[in-house]
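Input: a single structure, listed below in structure tokens.
The values are calculated or read from the model by the stated rules, or taken from the named source; none is laboratory data. Note that the structure is predicted; figures quoted are calculated from it, not measured. Please note: Cβ atoms are built from the backbone with ideal geometry, for glycine as well, and neighbour counts cover all protein chains shown.
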Number of protein chains: 2
Amino acid sequence: MDYSTFIPIREIYIKAEKETGNLLILKEHAQAEASLVMFVGEPEFIAIAKEKGLIQTPRPLTHELYLTLLEQTELELLRVSISDVRDQTYLAQVHYRIGDDEFQADSRPSDAIALALHQKIPILAHPGLLKKPLSSDQLDTLKDFIRSVKF
Amino acid sequence: MDYSTFIPIREIYIKAEKETGNLLILKEHAQAEASLVMFVGEPEFIAIAKEKGLIQTPRPLTHELYLTLLEQTELELLRVSISDVRDQTYLAQVHYRIGDDEFQADSRPSDAIALALHQKIPILAHPGLLKKPLSSDQLDTLKDFIRSVKF
């Protein structure tokens, strides 16, 4: 896959939504019209909110435990990517280097985003996944869709 | 801490409990009377149930993603321990080796148990945490207590 065409995500908005689940909105920058909207589970939402400095938790979360271990190894986390949506499921990857070799591992987007925010590494999204803003009719259709998307 | 006195956990029972949360019971062996009872959050419960082969999930869970990365490094996971309970919060550690040096990282017990089941490494518990079976009156008291325990 040609990741050089991917768009860097520099703005992430999060919102706790009772009816539909917890909402993430990814944008290239604050003024960008196009966005990627996804709903995530409670633990991933908490991890992302914590990385954004919005909440604190008394004990290390799952990804904090593992990042503590990884930081002591020669494995270097490079970037994460959100590459596709298939069967209403978004696909993401974590890219990393060991020595001179680069690898990638499949990931849920919410895990990839929490990891990237913690490590301060780039989040890249396939350009086709960043949608233009929708009309209110389209938004109603989207709401039905995003409720059934699995993260 | 003298981990040589810790008791190896060889039996883990899990049960989804609607009213009180998801239950884990740790025992030295199936016939042992003493047990360590803890309640865990939904994602940790799912991770442990998956490691026990009770459920499947279509995509890698958070700890599976990170263990995939760690398995490619020189870091060797050795064992996990549940060492204490303070302010109604259980304390656990992940023990690991890098080269000739051994380290430990603080962890939530539920993360430590999911990790240990996945990696097939020992789970050790402080002997004082394994309680004898309780009378039904004591069990009622325990139920009030464990509801407020944080994992």
Residue that is farthest from the chain's Cα centre (by Cα) [pool: residues in segment A:35-45 that are facing chain B (nearest Cβ under 10 Å) and farther than 25 Å from B:Thr73 by Cβ]:
A:Glu42
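Residues are listed down the side, and each one gets a yes or a no for (1) part of a strand (DSSP E or B); (2) within 15 Å of the chain's Cα centre (by Cα):
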{"position": "A:Ile25", "(1), (2)": "yes, yes"}
{"position": "A:Glu33", "(1), (2)": "no, no"}
{"position": "A:Ala47", "(1), (2)": "no, yes"}
{"position": "A:Leu54", "(1), (2)": "no, no"}
{"position": "A:Pro60", "(1), (2)": "no, no"}
{"position": "A:Tyr66", "(1), (2)": "no, no"}
Which of (1) crowded, with 18+ Cβ neighbours inside 10 Å; (2) within 20 Å of A:Ile121 (Cβ to Cβ); (3) not basic (Lys, Arg) is the odd one out, the single condition A:Phe39 does not satisfy?
(2)
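Could you check segment A:93-108 and list, in sequence order, the residues that are more than 10 Å from every other protein chain (Cβ to nearest Cβ) and either crowded, with 18+ Cβ neighbours inside 10 Å or in contact with a helix residue (DSSP H, G or I) (Cβ under 6 Å, 6 or more places away or on another chain) (or both)? It would help to see each step written out before you state the result.
Going residue by residue through segment A:93-108, those that are more than 10 Å from every other protein chain (Cβ to nearest Cβ) are A:93, A:95, A:97, A:99-100, A:102, A:104.
Result: A:Gln93, A:His95.
Take segment B:3-49 and flag every residue that is of a type in the set (A, V, I, L, M) and at positive phi. Talk me through it step by step, then tell me what you get.
We begin by selecting, within segment B:3-49, every residue of a type in the set (A, V, I, L, M); these are B:7, B:9, B:12, B:14, B:16, B:23-26, B:30, B:32, B:34, B:36-38, B:40, B:46-49.
Those that are of a type in the set (A, V, I, L, M) and at positive phi: none in segment B:3-49.
Restricting to segment B:78-92, give me the number of residues that are of a type outside the set (Ser, Thr, Tyr), within 15 Å of the chain's Cα centre (by Cα) and either surrounded by fewer than 21 Cβ atoms within 10 Å (Cβ to Cβ) or outside any strand (DSSP E or B) (or both).
Keep residues of segment B:78-92 that are of a type outside the set (Ser, Thr, Tyr), which gives B:78-80, B:82, B:84-88, B:91-92.
Those left that are additionally within 15 Å of the chain's Cα centre (by Cα): B:78-80, B:82, B:84-85, B:91-92.
Retained after the next criterion (residues that are either surrounded by fewer than 21 Cβ atoms within 10 Å (Cβ to Cβ) or outside any strand (DSSP E or B) (or both)): B:78-79, B:84-85, B:91.
Of the residues in that region, 5 qualify.
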Determine, yes or no, whether A:Ala49 is in contact with a helix residue (DSSP H, G or I) (Cβ under 9 Å, 6 or more places away or on another chain), surrounded by 15 or more Cβ atoms within 10 Å (Cβ to Cβ) and small (Gly, Ala, Ser).
no
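Quick one: how many residues across segment B:63-83 are within 7 Å of another protein chain (Cβ to nearest Cβ) and at pLDDT 95 or above?
Within segment B:63-83, the first condition is being within 7 Å of another protein chain (Cβ to nearest Cβ), and the residues that meet it are B:63, B:65-66, B:68-70, B:72-75.
Still in the list and also at pLDDT 95 or above: B:65-66, B:68-70, B:72-75.
Of the residues in segment B:63-83, 9 are within 7 Å of another protein chain (Cβ to nearest Cβ) and at pLDDT 95 or above.
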Which count do you get for residues in segment B:96-113 that are in contact with a strand residue (DSSP E or B) (Cβ under 7 Å, 6 or more places away or on another chain) and either without any contact (Cβ under 8 Å) to a residue 24 or more places away in the chain or over 25 Å from A:Ile98 (Cβ atoms) (or both)?
11
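Considering only residues that are of a type outside the set (D, E, K, R) and touching a His at 6+ places or on another chain (Cβ under 8 Å), which ones fall in segment B:78-94? Talk me through it step by step, then tell me what you get.
Filtering segment B:78-94 down to residues of a type outside the set (D, E, K, R) leaves B:78, B:80-83, B:85, B:88-94.
Result: B:Leu78, B:Val80, B:Ser81, B:Ile82, B:Ser83.
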